[in-house]
Amino acid sequence: MSRDLDALIALIYRQLKRWAVSRSRIISIIIQPLLWIIFLGLGFGTVFSAQNIELSSTINNSTITKYIDPSIIRSILSKYFTAIFGGVDYITFLITGMAAMTAFIGSFISGISVIWDKQFGFLKETLVAPASRKTIILGRIIGDSIINTVQSLIIILLALLITHQINPLGIPIALLYIFMMSLGFTGLGVTISLKFSSMEGFQMIVNLLTMPLMFMSGVFYPINTMPDWMKVIAIMNPLTYCVYGTRYWLAGVKASLGFMNPVTSLIILMLFTAIFATIAMFSFEKTTIED
Amino acid sequence: MPMDEIVIVENLVKKFKDVTAVDGISFTIKKGEIFALLGPNGAGKTTTIHIIATLLRPTSGRVFVGKYDVTKDPNKVREKIGIVFQDPSLDNQLTAYDNMYIHGKLYGLRGRELHEKIMKLLEFVDLKEYAYKQVRYFSGGMRRRLEIARSLLHEPELLILDEPTIGLDPQSRAKIWDYIHMLKKEHDMTILLTTHYMDEAEELANRIAIMDHGKIIALGTVEQLKAMLGKDVIYLTLDGNAKEFCEKLIFAKDCNIIGNNRIELLVDNAPRYLPEIFRIALTNGIGIREVSYRRPTLNEVFLHLTGRELRESLEETPSIIQKLPLRWRRSR
Ligand SMILES: Nc1ncnc2c1ncn2[C@@H]1O[C@H](COP(=O)(O)OP(=O)(O)OP(=O)(O)O)[C@@H](O)[C@H]1O
Ligand SMILES: [Mg+2]
């Protein structure tokens, strides 16, 4: 039993150590959300801001301008945009979603590292070890989830510099949601990766999976304004609940569907994580080098 | 089950989709012996090893390590074995020390004891000064030595070495042979190794199983295997009927047709009989295209059993093996 705990810690240690020595990986993981934040955030940020709307040309020739002060229109529009994004400006909305997305993308990188380990042989070293395979793979999942959470934290800290609508006190709780979500998706990524021996095959499946999940989670736009069919998918998408929770605790954003609140979201995330981490543990138990 | 046998393999078969990699082999390994599986590429050596090491499930047959069945008690078997795989299995991004440390943790070692064992073994394989270097900067020989050190960390009852010297230069090979001799002498360790170098099997093994196409075609000590052929072997390539010619050579202990018009002649004294052979050929109008005689080595044993030269399937001759750096392409 204590050997199994040691094995769990050993694998956490290994994942963290590898991460610490591969600086390029850290940078590339942070760069991607940063690009989204800069181009989408700053680009759409001004679109969704009433201050920049050229009112005279929009309501040109109309009699409206005679009776209503343009500043009132501005303030109505401004309220409208803020309401749509749940009480914050677009960049805050996006950046809080990005915090969750960074860990989400990172979760699938773990799957890639399993395939690397297959190709470079280290996986065999863990497969012949007498320690319980369940704890070995769990250690790996936990280690990678810690990494993903730290990377999300870096994004959140950067966000503090860009927007002041974020509440620093909410960070630890938001990280809990992110960690939970990461455990689940890392479990899923690892399970898929155990079935593939080539990077290409795995990457194809992952792209097919991550793109829709990302867009139908509310990272880029609110879920309550989505078309109905999209809402259905968003409800089934675990990432949705992480994005919701992260946003709620970081910026108090409540844009959501009826049943969602911080508690139900966390419970759903925990269920999801329990299921997929368990699936990963059982598939690793049955792994031979033939697959 | 007698307990002086640490490995028992009974009628082991392993089929992959369309290939039968291991085709019904049986053998046992006694405690304290060095047992070699010798055979050309694709013979099924690695597959056999992987089944013993619980990494592959047998298609049929049974395998025991200690008193444990590899399919029923894999964790018990894993505790007993240390293995060096044919292909590398180190974490290149980590240091030598960390590779050892993680291994130790996976086998339930900890604290001072673990640290001291790591340092002792790194010293044993002459890598102490590289302990805190990342493995990716290591040469092939250093990696191999580190893998050997790692496999010894938890003091396994059975050490499995799959082609321990593949791709190494002569100095590194000699070094690894030294370690193996030392382990045998000082710890009386049981070692199962595979190789496709005849000299390696001869140098290291107490007993050798020659494998080909998934089958064990001969098993015994080097002396027993060579005794199959007697003192000298003469090889003749003929123009004419080999079978008829064989019947005329009554002085030979045995005469076998191997391959195309090629015959193998077992005699006690080849130089004495050669003129006789030429005389018989001449009087019978049979042309001799090629003739050679050799003291039997494992290569001749393999040739005797399969009609193929073992070293041909290795693409090099034994004398060159000892002098040139070997850079085999990896099988996969
Ligand atoms: N995972 C696999 N899937 C399909 N076929 C395989 C697999 N592993 C091995 N084989 C096949 O089984 C046969 C035996 O392979 P094996 O690796 O056991 O040979 P070997 O004796 O170790 O050879 P080498 O000297 O090249 O290492 C080969 O024909 C090989 O192609
Ligand atoms: Mg092999």
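Readers should treat all values here as calculations from the given coordinates under stated rules, not as data from a laboratory. The structure displayed is predicted, hence computed values, not measured ones. Neighbour counts are summed over all protein chains in view; Cβ atoms, including those assigned to glycine, are modelled from backbone coordinates with ideal geometry.
Ignoring everything except DSSP H segments at least 4 long, calculate the 222 nm mean residue ellipticity for the protein assembly as shown; use -39,500 (n - 2.57) per segment, divide by total residues, nearest 500. Helices in the protein assembly as shown give a 222 nm mean residue ellipticity of -17000 deg cm²/dmol. Working from Cα pairs under 8 Å separated by at least six residues, relative contact order for chain B is 19 percent.
For a modelled paramagnetic label at A:I267, 7 Å from Cα along Cα-to-Cβ, the residues of region A:240-259 in reach, with backbone nitrogen under 13 Å, are A:259.
Think of each Lys and Arg Cβ as +1 and each Asp and Glu Cβ as -1; about the Cα centre, that makes the dipole of region B:230-320 roughly 220 debye.
For region B:230-320, the square roots a ≥ b ≥ c of the C-alpha gyration tensor eigenvalues yield an a/c of 1.5 or more together with a/b exceeding b/c, which makes the shape prolate. Note on A:L42 and B:D254: their simple-model spin labels are 8.5 nm apart, each label 7 Å out from Cα toward Cβ.
Across peptide B:84-93, the average count of Cβ atoms from other chains found within 10 Å of a residue's Cβ is 5.
DSSP beta bridges confined to region B:5-226 are antiparallel in about 55 percent of cases. For the protein assembly as shown, the share of DSSP beta bridges that are antiparallel, to the nearest 5, is 70%. In chain B, the longest principal axis of the Cα atoms and the axis of helix B:270-283 are about 40 degrees apart. In percent, rounded to a whole number, the relative contact order of region B:1-52 is 32, using alpha-carbon pairs under 8 Å and six or more apart.
When only the Cβ of Lys, Arg, Asp and Glu is charged (+1, +1, -1, -1), the dipole of the protein assembly as shown relative to its Cα centre reaches about 1120 debye. Where the centroid of each part is defined by its Cα atoms, how far is region A:93-128 from region A:204-269 in Å? Here the two parts' Cα centres lie 21 Å apart.
For peptide B:101-112, the mean count of partner chain Cβ atoms within 10 Å of a residue's Cβ comes to 6.
Using the per-residue mean of other Cβ atoms lying within 10 Å as a proxy for protection, in what order, highest first, do the peptides A:109-122, A:153-166 fall?
Peptide ranking by packing, descending: A:109-122, A:153-166.
Neighbouring Cβ atoms from other chains, within 10 Å of the Cβ of residues in B:45-51, number 1 on average.
Using the Cα gyration tensor of region B:5-226, with a ≥ b ≥ c the square roots of its eigenvalues, what is the shape: rounded (a/c below 1.5), prolate (a/b larger than b/c) or oblate (neither)? Since a/c reaches 1.5 and a/b is larger than b/c, the shape of region B:5-226 is classed as prolate. Mean projection of the Cα convex hull over all viewing directions, computed for the protein assembly as shown: 38.6 nm². Selection among A:S22, A:H164, A:Y241 by position relative to the dipole of chain A gives A:S22 as farthest towards the positive end (Cβ unit charges, Cα centre). When B:K17, B:K215 are arranged by Cβ crowding within 10 Å, least crowded first, meaning fewest neighbours, the order is B:K17, B:K215. Annotation for B:N11 and B:D268: the two label points, set 7 Å from Cα along the Cα-Cβ direction, are 4.4 nm apart.
Model label sites at B:E276 and A:L77, defined 7 Å from Cα along the beta-carbon direction, differ in position by 11.4 nm.
Rg/Rh for region B:139-263 (Cα atoms only, Rh after Kirkwood) is 1.14. From least to most packed, judged by other beta carbons within 10 angstrom and beginning with the fewest, A:R140, A:R23, B:R207 follow the order A:R23, B:R207, A:R140. Backbone amide hydrogens, once placed in the peptide plane, bring B:E5 within less than 5 Å of B:K31, excluding anything fewer than 5 places away on its chain. Scanning residues 5 or more positions from B:L161 or on other chains, those with amide H under 5 Å from its amide H are B:V84, B:L192, B:L193, B:T194, with H placed 1.01 Å from N in the peptide plane. Please flag any cysteine in the protein assembly as shown that has no other cysteine's Cβ under 4.7 angstrom from its own Cβ. Result for the protein assembly as shown is A:C242, no neighbouring Cys Cβ within the cutoff.
Only one residue of B:G104, A:I31, A:P130 has its Cα farthest out toward the positive end of the dipole of the protein assembly as shown, where Lys and Arg carry +1 and Asp and Glu -1 on Cβ, and that residue is A:I31.
Contact order for chain A, expressed relative to its length and based on alpha carbon pairs under 8 Å spaced 6+ residues apart, stands at 26 percent.
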